[in-house]
Every structure is written in structure tokens, then in C-alpha cells.
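The values are calculated or read from the model by the stated rules, or taken from the named source; none is laboratory data. Note that this is a predicted model, so its numbers are computed, not measured. For neighbour counting, all protein chains shown are included, and Cβ atoms are generated from backbone atoms with ideal geometry for every residue, glycine included. We work out accessible area using only protein heavy atoms, side chains counted, and drop any ligands, DNA or RNA first. Shrake-Rupley method; radii C 1.70, N 1.55, O 1.52, S 1.80 Å.
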Amino acid sequence: MSLYNHVANKDDILDGLVELVVSQMRVPSPDTEWKEALRERAYTVRKILNRHPWAASLLESRASIGPTRLRHHDSMIGILRKAGFSIELAFNTMIALTSYIYGFVIIEEGFKLKEQPKVVESMQPTISPTEYPYIFEMINFVIAKNNENAESGNSTESSFFADFEFGLNHLLDGLEGILD
């Protein structure tokens, strides 16, 4: 209870946690090319949210937005506006990118908790290849990919689940097509 001698209430604590997490996210230089800035933001936010898996839902649940978060968002919107994005396209871009990153991190965290390789491998004998041919094919692909990554030493926590860069590249390329 002595904590409340230093903060007004629980909301102050939660807002402070949000500011602390966002302060760890690198803000690209205003001169950074927009695709590189979004890529940098995606990797930075993903890294921080993997470090603090509880933070994604907290970030989006807060009604107040602190100065650190405001600076971060303002700099990203500024980069997009300078690159020729309308305010509507900048808004939709920020939502799409944030949704992709948060969604990927949430799924990654779920797979980490389930001891990822064992979950998929344990599913294989229970899935009928005649009844669910495409699921069976996908499970075999994931197992083979995981084994290949392990053998080559390229295994990462997310390599088992999916390729973050694959989705990010397609998102950025799609935005570039809209911008042209």
C-alpha cells in the first residue's frame, strides 16, 4: 500500500508501465525512408513485446496516452506523411502494421507456452489424412520445417511457427502499391 504514496492510483501505475515499455521501442530518424522506418518499427515493437508479452493488451487498453507514446506515434505518422501518405492512409497503415505485429506476437507467445514442436508433432497421429488432407499436409510441412531449422542451426523461437518477415514484406509491398 505504500506504493500509493508515490502514485495516485492503479491507472497511474498501468500508464507508467506503458510509458516504460514504449520507451524501449526505438524511434526511427525522421529522415528514414518510410518502408525502412516501418520495418524498423515492426522489428523493434515485436522484440519488446516478446520481452514483455503482457504489454500488447495493456498498451491498447489505456485511455490516456503518455508523452513517450505520443512522440513515438507522431514520429511514425510524420515519416508516412512526408513520404506522401494521406492522413487516412497513414492511419490505416499504423493500424494494419500494429495489428500484424501484435497478432504475430500473441500467437508466438501461445506457441512458446505450448512447447511448440511437441504440440504439432502430437497432433499428427490424431489427424486423418483422408478426412483432413490439407491440415495433415500443413502439419507435415511444419514438422519438416522445424527439423530443417534445427539441423541447420537456424532454429529460432518463431521459425517453428511462421516467418514474420514474409508477412511484413507483403504488407509493406502492398502499401507501396497503394502509395504509387
> Given a Förster distance of 22 angstrom, what is the FRET efficiency for residue 169 paired with residue 50, based on the Cβ-Cβ distance and rounded to 0.05?
Replying inline: 0.65
>> Run the count for the chain, please: Lys pairs, Cα-Cα under 21 angstrom, 8 or more apart or on different chains.
In response: 7
> For the modelled label position 7 Å from the Cα of residue 179 along Cα-to-Cβ, which residues of segment 37-58 have backbone nitrogen atoms closer than 18 Å?
Replying inline: 37-44
> In vacuo Debye scattering of segment 41-105, one point per C-alpha: log10 I(q)/I(0) at q = 0.13, 0.14, 0.25 Å⁻¹?
Replying inline: -0.38, -0.44, -1.24
> Using every alpha carbon pair in the chain, what percent of pairs falls into each 10 Å bin from 0 up to the bin containing the largest distance?
Replying inline: 8, 29, 28, 20, 12, 2, 0
>> Could you sort 93, 126, 32 by their accessible area in this structure, using a 1.4 Å probe and putting the largest first?
In response: 126, 32, 93
> residue 144: net charge of surrounding residues, Cβ under 15 Å, Lys/Arg +1, Asp/Glu -1, itself excluded?
Replying inline: -4
> What ranking of 54, 34 comes out by heavy-atom accessible area, probe 1.4 Å, highest first?
Replying inline: 54, 34
>> Using the Cα centre of segment 1-60 as origin and beta-carbon charges of +1 (Lys, Arg) and -1 (Asp, Glu), tell me which of 43, 23, 7 is placed farthest towards the positive end of the dipole.
In response: 43
> For segment 31-53, list residues with backbone N below 17 Å from a point placed 7 Å from the Cα of residue 20 toward its Cβ?
Replying inline: 48-53
> To the nearest 0.05, how large is the calculated FRET efficiency for residue 121 and residue 29 if R₀ is 45 Å and r is the Cβ-Cβ distance?
Replying inline: 0.50
